[in-house]
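Coordinate-derived values only; no laboratory data. Nothing here was measured: the structure is a model prediction, and the numbers come from that model. Counting neighbours? That spans all protein chains shown, and the Cβs are built from the backbone with ideal geometry, glycine included.
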Amino acid sequence: MSGEFIFGWHAVEAVLKREPERLQQVWIQTGRQDRRVKTITDGLDELGVRWKVVHRKELDDKVAGVHQGVVAAVSESREWGEDDLMAMLATAEQPPFLLVLDGVTDTHNLGACMRTADAVGVQAVIVPKDKSATLTPVARKVACGAAETVPFVRVTNLARCLRALKDQGVWLIGTAGEADCTLHQANFTGPVALIMGAEGKGMRRLTREHCDTLINIPMLGHVDSLNVSVATGVCLYEALRQRLA
């Protein structure tokens with residue numbers, strides 16, 4: 001059996017619903033007999049996917065994380081690249097709404113950003129291949145199924161990708177604490193990509209130079225910054241508010 005493990009009910013349910021062909025086998029912790037378990041096992045039976053009830057220790061041995069009583073072996077998901085992104089944008093019916101994470105390395109932050117991106121209708125999350133978190137089982141679990149719904153695009157050269165987006169008419173909005181413009185003053189209504197920097201360091205210089213505008217989040221208290229996943233949520237929901245209006 002080749003591939004990877006995913007865990008957590010939301011992550012397993014998302015694969016079952018959207019990419020059932022990836023499922024190879026599922027293990028469920030003994031003692032669970034609720035409706036959620038029956039829904040999943042009925043779906044697995046329809047697909048002919050093997051599933052087994054096991055003791056918690058067997059699940060603990062398979063993954064490092066809070067598995068919630070379910071683990072699945074799945075084939076590896078197809079990785080999106082820059083060409084896939086451009087092809088998707090060429091056929092999209094809505095103006096581009098993208099999230100760029102420039103060097104976010106914590107898998108929990110990545111998963112949380114993916115979850116919020118799905119909630120607001122982001123069409124793709126873009127990250128550089130180097131010095132960036134990937135969709136590990138932990139990130140997928142934190143994403144609560146969003147890793148199976150939002151395209152995750154890893155690019156070799158982020159600056160080149162940003163230039164290509166600008167050529168397609170996408171407005172690049174970067175975040176920086178020293179920016180003069182607040183996120184409430186920015187225009188998120190058209191083709192736009194929100195760029196969030198790494199934990200602590202922010203955006204890299206070259207990424208910043210490609211931005212069309214820089215924004216900050218107003219901070220009225222004593223702390224001077226927010227966790228990157230929290231900041232991403234604040235900015236994305238302001239963008240959604242404007243796009244819905």
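Brief remarks on what is shown
- For the pair T30 and N157 in one chain, pulling the backbone fully straight at 0.36 nm per residue adds 41.1 nm over the alpha carbon distance.
- Degrees, to the nearest 10: 107-120 long Cα axis against longest axis of the chain: 80 degrees
- Length gained when the stretch A64-K201 is fully extended (0.36 nm per residue, less Cα-Cα span): 46.5 nm
- The range 73-167, Rg to Rh (Cα coordinates; Rh as Kirkwood inverse mean 1/r): 0.94
- Cα Rg, Dmax, the range 1-126, angstrom units: 16.8, 49
- The label point for A87 and the one for N227, both projected 7 Å from the Cα toward the Cβ, are 3.7 nm apart.
- Modelled spin-label separation between R56 and C181, with each label point placed 7 Å from Cα along the Cα-to-Cβ direction: 5.2 nm.
- For R241 and R78, the difference between the fully extended length at 0.36 nm per residue and the C-alpha to C-alpha distance is 55.5 nm.
- Residues whose amide H lies under 5 Å from that of I215, counting only those 5 or more places away or on a different chain, are G174, T175, A176; hydrogens are built 1.01 Å from N in the peptide plane.
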